[in-house]
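Enquirer: Below: one structure in structure tokens.
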Amino acid sequence: MSARFYARKVFHTAMLVVSALSLSVVLGACGKDDSGAKKAAKWLKKDSQYNPPNGEWITTSVHLDKNGRIVMDVLVPIKEQVMLIKTRTRIEQARIVMLACPPKNSEFWGMIEKDRELWVNLTARTDTSMDTTLQGATCRH
């Protein structure tokens, strides 16, 4: 074998290795690791039992949706509050949802990535004991 043939073979092999490494880095960056978000969701569910959102509201669920967003469902149990929320504009309702968000200094915000969303749904009980969504919004940190 000539030196030229050997050099081509080494170059070709090196290019395959570089391509494979590049592809693995790109594909690895495509999917988020949800383990931290799941841990944060579990922590938020437990914390909200001891520190209810807005004092009287009840967190009924905290989970990850199919898009990797953390979703917290919060029941507004007082009918007068539900009626008041329903009379507000959408923008005002979104601001009311923010009352259910963890405080800015909460440990929760340090547990999730900066680009991870926390979506909060305010819900109300209907006469048939089903929960219906009043309004939802993203909490900012």
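Enquirer: Towards the positive end of the charge dipole of the range 66-106, with charges on Cβ (+1 Lys, Arg; -1 Asp, Glu), say which of Thr89, Asn67, Ser106 has the farthest Cα.
Expert: Asn67
Enquirer: Any idea how far apart Asp127 and Asn51 come out in nm if each label point goes 7 Å out from Cα toward Cβ?
Expert: 3.9
Enquirer: Between Trp119 and Lys86, how high is the FRET efficiency from 1/(1 + (r/R0)^6) when r is the Cβ-Cβ distance and R₀ = 22 Å? Nearest 0.05. Each step should come with its number before you reach the end.
Expert: Numbers: r = 20 Å, r/R0 = 0.91.
Efficiency for this residue pair is about 0.65.
Enquirer: Also: Between Asn105 and Lys39, how high is the FRET efficiency from 1/(1 + (r/R0)^6) when r is the Cβ-Cβ distance and R₀ = 25 Å? Nearest 0.05.
Expert: Approximately 0.85, to the nearest 0.05.
Enquirer: Okay, next question. With the contact rule set at Cα under 8 Å and sequence spacing of 6 or more, what percent relative contact order holds for the range 27-118?
Expert: Rounded, it is 31 percent for the range 27-118.
Enquirer: Name the trypsin sites (Lys or Arg not before Pro) in the range 43-128 that are in a loop by DSSP and that have at most 11 other C-beta atoms within 10 Å, would you? Walk me through the intermediate numbers first.
Expert: Values: sites: Lys45, Lys46, Lys66, Arg69, Lys79, Lys86, Arg88, Arg90, Arg95, Lys104, Lys114, Arg116, Arg125; in loops: Lys66, Arg69, Arg88, Lys104, Lys114, Arg116.
Those satisfying the criteria are Lys66, Lys104, Lys114.
Enquirer: Calculate the dipole size of the range 35-139 relative to its Cα centre from +1 charges on Lys and Arg beta carbons and -1 charges on Asp and Glu beta carbons; express the result in debye to the nearest 20.
Expert: Numbers: 16 positive and 12 negative charges, 40 e Å.
My answer is approximately 200 debye.
Enquirer: Give me Ile78, Ile112 sorted ascending by neighbouring Cβ count inside 10 Å, so fewest comes first.
Expert: Ile78, Ile112
Enquirer: Can you sort Ser61, Ser35 by how many other beta carbons sit within 10 Å, fewest first?
Expert: Fewest-to-most Cβ neighbours within 10 Å comes out as Ser35, Ser61.
Just so you know, all these numbers are worked out from the coordinates, no wet-lab data involved. A quick note: this is a predicted structure, and the numbers were derived from the prediction, not measured. Methodologically, a virtual Cβ is constructed for each residue, glycine included, from the backbone with ideal geometry; neighbour enumeration extends over all protein chains shown.
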